[in-house]
Amino acid sequence: MTRFRESMKETGETAGADPKHLTRRTFVKLSAMAAFAGLLPRAASASNGGAQVEEKTLAFYNTHTGEKLKTVYWAEGNYLHDSLRDINHILRDPRNNSVHDIDTGLLELLFVLRRQISADKPFHVISGYRSLETNAFLRSRSDGVAENSLHLVGKAIDIRMPGQDTRGLRKAAIALKLGGVGYYPKSDFVHLDVGRVRYW
C-alpha cells in the first residue's frame, strides 16, 4: 500500500482541511461520544433532587518513558485543566519531549472504549502526539506512517492494554464507530483517532 493511501486512511481528512473546524459531521460524532460516555448529566435523582454527575478517569503507561498516570480529567460537567495538562505531558513526543494539546474528543473515545471492554488497566501508549520531526523520521523508515497523521494534532493514539487481546480491542473500537481504527498485529497495537470512521 502506498504512503498516500495510508495517509488518507490515517488522517481521514482532505488536504488543507482545518483540524479545528467544527463540521456538522464532527458535531454529530462528538455528540454521540458524549452520549456514550455519560458526558451529559443524568436525570435528576429522586432522592436528592440533584443531577448525578459522573467523574471520568483515564490511566496511561508510556512504553517509551516508563511514566504512569491515572487521573480524573472530567468532573461536575467540566474538563479539569490540570489533569489535561498532565495527560498532554505523558502523551508527549518522547523523542524530543515536545508537548501538544490532546483533543478531548480522543479522551472521550478512550473513556468509552475502556467502559465498553470493562477494563481497569492503563492504556499502554506506543504513540500519542508526534512532532513533525518525529513523524518525518518514522516515515523515512516505514510506508505505514501518514504524512498528515492525526498524531501531529493530538487526535490519534496507538495503544495496547495488558490482559486484552489487541484483536478484541480493535473489534470493540470498531463497534463504537467513533473514528478511525487501525490494527497492527506484528507490532501488537491498535491505532485510534477521531477522524472520519474508517478501518484498516
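The values are calculated or read from the model by the stated rules, or taken from the named source; none is laboratory data. Computed from a predicted structure; not experimentally measured. Cβ placement follows ideal geometry from the backbone for every residue including glycine, while neighbour counts extend to all protein chains displayed.
Here are the numbers:
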{"item": "Residues of region 88-109 classified as under 12 Å from the mean Cα position of the chain (by Cα) and buried (at least 22 other Cβ atoms within 10 Å of the Cβ), total", "result": "6"}
{"item": "Enumeration of residues in region 177-188 that are over 13 Å from the mean Cα position of the chain (by Cα) and either surrounded by 15 or more Cβ atoms within 10 Å (Cβ to Cβ) or acidic (Asp, Glu) (or both)", "result": "183, 184, 188"}
{"item": "Yes/no for residue 144 being surrounded by 19 or more Cβ atoms within 10 Å (Cβ to Cβ) and over 10 Å from the mean Cα position of the chain (by Cα)", "result": "no"}
{"item": "Any hit, region 127-139, residues being farther than 24 Å from residue 73 by Cα, surrounded by fewer than 17 Cβ atoms within 10 Å (Cβ to Cβ) and among the basic types (Lys, Arg)", "result": "no"}
{"item": "Candidate set: region 178-200, residues that are free of Cβ contacts under 8 Å to residues at least 60 places away in the same chain and not hydrophobic (A, V, I, L, M, F, W, C); chosen: the one nearest to residue 105 (Cα to Cα)", "result": "199"}
{"item": "All strands (runs of 3 or more DSSP E) inside region 55-149 with 1 or more residues being farther than 21 Å from residue 165 by Cβ and either at pLDDT below 95 or of a type outside the set (Gly, Ala, Ser) (or both)", "result": "56-62, 68-75"}
{"item": "Residue under evaluation residue 167, criteria (1) touching a Lys or Arg at 6+ places or on another chain (Cβ under 9 Å); (2) farther than 14 Å from residue 119 by Cβ, criterion not met", "result": "(1)"}
